[in-house]
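Engineer: Have a look at this one before I ask anything.
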Amino acid sequence: MATDLQIGIRRVTSLNPATGEVIREFEPATEAEVIAAVARARAAQPAWHGLGVRHRTGILDRFRGLVFERKSEIARLITAEAGKPQVEALLTEVMVVLDGARFYSENSYAFLRDRALPHANPAMKSKSGRLAREPYGVIGIISPWNYPFSIPATETLAALVTGNAVVLKPSEFTSLVALELAGLLWRAGVPRDVMQVLVGDGSTGGALVNANIDKLVFTGSVATGKRIAQAAAARLLPVVLELGGKDPMLVLEDADLDVTSSGAVWGAFMNAGQTCLSVERCYVHRSLYPRFVEACVRKTAQLQVGNGMDPETDIGPLINERQLRNVETQVEDARLRGARVLAGGKRRKDLGPNFYTPTVLADVTHEMRVMREETFGPILPIMPFETDDEAVRLANDSDYGLAASIWTLDRARGKALARRVQAGTVMINDAISYFGISEAPHGGVKASGIGRTHGIFGLEEMVRIKYVDADRLPGMKKLWWYAYGQGFARQMEGFVDLMFARSWSRRIAGAMRSTGVLTRKGKI
Ligand code: NAD
């Protein structure tokens, strides 16, 4: 347990999931501290916005330099607190942040520039409109433990560069990584009140949702996401919800067996399966099924489970006992309903408190929990299909819709099938890794959430659109103002005919009827 509610003392404990060693204990932020932090952020935000986007991108460039200098230390800290192999921490967290900072730095100036909005309606031709993008003010960010650096960092950078202040409530399991992120941003030049971290648990998060923030970006489970959406609805707080996934992998009959089985094993077991974009369900064309399952079992047997600090480790521990029990329960349910456990399927107590062997399940069905609920563990359940239509039906038979992957040597066929899969992203011949493309929007459909992070669409979530319309003829009363009357109604009917009638003769007649409006003098 990361929080201790006994004898009324709430504590947030940073633990090494590979060893169970306590790294540090914190007192979680109280509701009063949350309210005070948001008030400080609100007071500091206008000056931050006033510095201008060039100034802010300069700070992002300095931040990128600092992250680069400390890349190995950051990766080690992530491994110590979240368990993943250090090389994964480097590639899927540090590198994602470096590229994200690059993207925001290169694109924010153009993104935030006001732009003219041309229009076609001749009745409105005296008007010229411009679009302005303005920061919300204070963005609350609540983040999970599975990507403790890349998720809060990319969201924070997008919020900061657009001129917002940020109050971040990281997962109670990975407070130290979040504090490292804040320290790097402060050193780069972000004022302390503009970027604050509130260490705490769910109730600290709840207090942040209810505090005086202008928008919330939440990443976490569907259950918490729904609770947050309800609280947000009561006060019309805009939210981005990046929630869970149950990503399907579709292996078509023309796929390369060796490449695809390696992709399945990596996609299911990377970060011990604790990735929102993990391959959680694998569907394989029946003609490949036996050989595919055999290849996955053989490749799984070669993986080394252990402490992520060991460079030879492929799969680290799960985050905690609760996660482990969830995985065990799903595997047991599948076993009881007839699935074959062909690899793994057990704990590795000899290695430490939270280790589970990578597991391959064959002959699974959609009646099993492992094919319906998010597993978030190193499990690869594989099921055969006969036709593309059946594969699409199985992929879409899910409450979730975060991402999916299609594996085929025929890219055109893969792209056509991608359009039929209900997901925020579909990758062809790879899984998960689009998360490293900072330009690519990230987010789901169905229970996987609302809104997007990353790329231009992620920046768009951080701003309010303002339409500024200036009339070019300030000395003229508008023709459509009061007073109305029969003559005016006739003129306007003519005008609508002029604009929209199908035949030219009606348009011309409409033009004649409406001309009088040009000399019309409004009575008031
Ligand atoms: P979680 O929902 O348990 O917790 C997420 C965050 O919410 C934590 O900071 C937690 O303290 C906070 N929280 C908990 N209860 C709260 C409440 N009532 N009000 C406000 N905040 C509250 O999720 P988790 O276990 O930390 O993360 C794993 C989940 O996150 C998985 O479902 C995974 O798929 C999902 N996830 C999604 C994405 C994505 O981009 N879509 C990315 C990573 C993880």
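The values are calculated or read from the model by the stated rules, or taken from the named source; none is laboratory data. This is a predicted model, so every value here is computed, not measured. Positions of Cβ are backbone-derived with ideal geometry, glycine not excepted, and every protein chain shown enters the neighbour counts. We work out accessible area using only protein heavy atoms, side chains counted, and drop any ligands, DNA or RNA first. Shrake-Rupley method; radii C 1.70, N 1.55, O 1.52, S 1.80 Å.
Engineer: Name the pairs: first residue in segment 470-490 and outside any loop (DSSP other than H, G, I, E, B), second residue small (Gly, Ala, Ser), Cβ to Cβ under 6 Å, at least 6 apart or on different chains?
Structural biologist: As it stands, the answer is Ala470/Ser128; Asp471/Ser126, since those pairs meet every condition given.
Engineer: So, Arg506, is that one under 22 Å from His119 (Cα atoms) and either modelled with pLDDT of 95 or more or of a type in the set (Phe, Trp, Tyr) (or both) or not?
Structural biologist: no
Engineer: Is there any pair linking a residue in segment 333-348 that is part of a helix (DSSP H, G or I) and among the acidic types (Asp, Glu) to one that is modelled with pLDDT of 95 or more and buried (at least 20 other Cβ atoms within 10 Å of the Cβ), with Cβ under 7 Å and at least six apart or on different chains, and which?
Structural biologist: Within 7 Å, the pairs are Asp333/Met368; Asp333/Val370.
Engineer: Which number in (1) surrounded by fewer than 17 Cβ atoms within 10 Å (Cβ to Cβ); (2) in a helix (DSSP H, G or I); (3) of a type outside the set (Phe, Trp, Tyr); (4) touching a helix residue (DSSP H, G or I) at 6+ places or on another chain (Cβ under 9 Å) marks the one condition that Val370 misses?
Structural biologist: Of everything listed in (1) surrounded by fewer than 17 Cβ atoms within 10 Å (Cβ to Cβ); (2) in a helix (DSSP H, G or I); (3) of a type outside the set (Phe, Trp, Tyr); (4) touching a helix residue (DSSP H, G or I) at 6+ places or on another chain (Cβ under 9 Å), Val370 misses just condition (1).
Engineer: Based on what the data block shows, is Val209 at pLDDT 95 or above, of a type in the set (A, V, I, L, M, F, W, C), crowded, with 22+ Cβ neighbours inside 10 Å and within 9 Å of the ligand (Cβ to nearest atom)?
Structural biologist: Values: at pLDDT 95 or above: yes; of a type in the set (A, V, I, L, M, F, W, C): yes; crowded, with 22+ Cβ neighbours inside 10 Å: yes; within 9 Å of the ligand (Cβ to nearest atom): yes.
Yes, satisfied.
Engineer: Which members of segment 375-388 meet the condition of being outside any strand (DSSP E or B) and either of a type in the set (Gly, Ala, Ser) or surrounded by 24 or more Cβ atoms within 10 Å (Cβ to Cβ) (or both)?
Structural biologist: Thr375, Phe376, Gly377, Pro378
Engineer: Which of the following residues is open to solvent by 10 Å² or more (accessible area, probe 1.4 Å), under 22 Å from Asn354 (Cβ atoms), under 22 Å from the mean Cα position of the chain (by Cα) and acidic (Asp, Glu): Glu93, Glu106, Glu81, Glu88?
Structural biologist: Glu88
Engineer: Only one residue in Ser143, Ser171 is among the polar types (S, T, N, Q), surrounded by 24 or more Cβ atoms within 10 Å (Cβ to Cβ) and in contact with a Lys or Arg (Cβ under 9 Å, 6 or more places away or on another chain). Which one? Before the answer, list the steps.
Structural biologist: Numbers: Ser171 fails: in contact with a Lys or Arg (Cβ under 9 Å, 6 or more places away or on another chain).
On inspection, the qualifying residue turns out to be Ser143.
Engineer: Among residues belonging to segment 188-206 that are away from the ligand (no atom under 12 Å from the Cβ) and open to solvent by less than 10 Å² (accessible area, probe 1.4 Å), point out the one that is farthest from Arg70 (Cα to Cα).
Structural biologist: Top of the filtered list is Val194.
Engineer: Looking only at strands (runs of 3 or more DSSP E) that lie completely in segment 119-211, which have at least 1 residues being in contact (Cβ under 8 Å) with a residue 60 or more places away in the chain and of a type in the set (A, V, I, L, M)?
Structural biologist: It comes to 127-135, 138-142, 165-169.
Engineer: The conditions are (1) under 22 Å from Trp266 (Cβ atoms); (2) open to solvent by 10 Å² or more (accessible area, probe 1.4 Å); (3) aliphatic (A, V, I, L, M), and Ala75 fails exactly one of them. Which is it?
Structural biologist: It fails just one condition, (2).
Engineer: Can you tell me which condition Ile456 does not meet? The list is (1) in a loop (DSSP other than H, G, I, E, B); (2) within 29 Å of Val138 (Cα to Cα); (3) not aromatic (Phe, Trp, Tyr), and all the others hold.
Structural biologist: Failed condition: (1).
Engineer: Turning to a different aspect of this structure: Checking Pro152 against (1) in contact with a Phe, Trp or Tyr (Cβ under 9 Å, 6 or more places away or on another chain); (2) more than 19 Å from Ala43 (Cβ to Cβ); (3) open to solvent by less than 10 Å² (accessible area, probe 1.4 Å), which test does it fail?
Structural biologist: Evaluating Pro152 over (1) in contact with a Phe, Trp or Tyr (Cβ under 9 Å, 6 or more places away or on another chain); (2) more than 19 Å from Ala43 (Cβ to Cβ); (3) open to solvent by less than 10 Å² (accessible area, probe 1.4 Å) leaves (1) as the failure.
Engineer: Going by the structure shown, is Gly494 at pLDDT 95 or above and in contact with a Lys or Arg (Cβ under 7 Å, 6 or more places away or on another chain)?
Structural biologist: yes
Engineer: Here is a further query. Which ones in segment 438-453 are within 11 Å of the ligand (Cβ to nearest atom) and either of a type in the set (Asp, Glu) or part of a helix (DSSP H, G or I) (or both)?
Structural biologist: Ala447, Ser448
Engineer: When you check Glu328 against the structure, is it open to solvent by 10 Å² or more (accessible area, probe 1.4 Å), without any contact (Cβ under 8 Å) to a residue 40 or more places away in the chain and more than 16 Å from the ligand (Cβ to nearest atom), yes or no?
Structural biologist: yes
Engineer: Another one. Among the listed residues Ala395, Ala416, Ala391, which satisfies the condition of being over 30 Å from Gly345 (Cβ atoms) and either surrounded by 21 or more Cβ atoms within 10 Å (Cβ to Cβ) or of a type in the set (A, V, I, L, M) (or both)?
Structural biologist: Sole residue among the options that is over 30 Å from Gly345 (Cβ atoms) and either surrounded by 21 or more Cβ atoms within 10 Å (Cβ to Cβ) or of a type in the set (A, V, I, L, M) (or both): Ala416.
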